[in-house]
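The block underneath contains the structure these notes are about, expressed in structure tokens.
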């Protein structure tokens, strides 16, 4: 039976759904102390950096027709790549819990029947999405995305129609830290995008549309969060919806945005688990991840995700930097050994450099300089190794 490939439009829908999320709106509220102009600039610069990396990561998987974690084997070896599969599964379990937690909290602000009940409802819908499957979600996704698009426009009008800004007090954020917080969200999708672009009929176009769609809509979500804090003086999106009379509509925005985004996290956790062993069923791992995330959302405090985002950046920015250097510069696209010790050591250096750069206020954030350093290190080490063989 011929394997079905996803269209460019379907890939665009997937990444539209990934970007429309309560977590992105809540992250946007942190930019309010910068003011509208500086906040918008930080959001834009961060997303240009992050989505450029997202495009390159998706292009690697699309060209070689491999999942995100399978592509890491080309740079780190068949066994060395397992480190990133495990780290990816851990971050995806964390994301699943965070997304369900945020969604349930927001929905409960509209219809107060208990956070834990909404956690179960949202978790159940995510499991339904998983069981339907990525290749059978075409019509369901089109309807869901159409409704989300309309309702998000309404929410935008409600927020930005206020006209005047409030004075926002609280902990200030430097411009560089704001850029990094903007980079962090698209960066968190780096270990996932190839899980979808590998199935595309036209991988280059599908990857470009995925990155552009995600970047544009993610900026929009950040702007809604920042606008909510600046123009309404209210960072609680649920309360804004209630005050605007968006009861049922607000409920739909929160539930569908949470389901469509969190589905990708759980689904990709399943795909990553398959790289650990051929005997593992990705679909049922995805269901198990959703259940674990649902339990975490009920029992754990998951309100502040900034440290989590920075940790993701420190792990995956140097990882993708090495993959970019190997695939696009050094033209290495085959798995050569069980462990690529050299690249694993370069990754560790990149990880440490990222953590050190976080202590310095750089106007473009930590990710871009860390990736440049890691790529240069990768190329220099490769040249030294070649000279040693002569």
Tell me, which helices (runs of 4 or more DSSP H) wholly within the stretch 120-220 include 1 or more residues that are at pLDDT below 80, under 22 Å from the mean Cα position of the chain (by Cα) and surrounded by fewer than 19 Cβ atoms within 10 Å (Cβ to Cβ)? 138-160
In this structure, does residue 35 turn out to be surrounded by fewer than 22 Cβ atoms within 10 Å (Cβ to Cβ) and on the phi > 0 side of the Ramachandran plot? yes
Tell me, yes or no, whether the stretch 331-349 has at least one residue that is under 23 Å from residue 46 (Cα atoms), under 22 Å from the mean Cα position of the chain (by Cα) and at pLDDT 90 or above. yes
With (1) in contact with a helix residue (DSSP H, G or I) (Cβ under 6 Å, 6 or more places away or on another chain); (2) part of a helix (DSSP H, G or I); (3) modelled with pLDDT under 90 as the list, and residue 90 as the residue in question, which single condition is left unmet? (1)
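Criterion first (surrounded by fewer than 24 Cβ atoms within 10 Å (Cβ to Cβ), touching a residue at least 40 places away in the same chain (Cβ under 8 Å), closer than 25 Å to residue 177 by Cα and under 20 Å from the mean Cα position of the chain (by Cα)) does residue 50 satisfy it?
Taking the combined requirement at face value, the residue does not satisfy it.
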Among the residues of the stretch 297-310, what is the count of those that are part of a helix (DSSP H, G or I) and either touching a residue at least 40 places away in the same chain (Cβ under 8 Å) or touching a helix residue (DSSP H, G or I) at 6+ places or on another chain (Cβ under 6 Å) (or both)? 6
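The values are calculated or read from the model by the stated rules, or taken from the named source; none is laboratory data. In this text, all values refer to a predicted model and were calculated from it rather than measured experimentally. Positions of Cβ are generated from backbone atoms using ideal geometry, with glycine treated the same way; all protein chains shown enter the neighbour counts.
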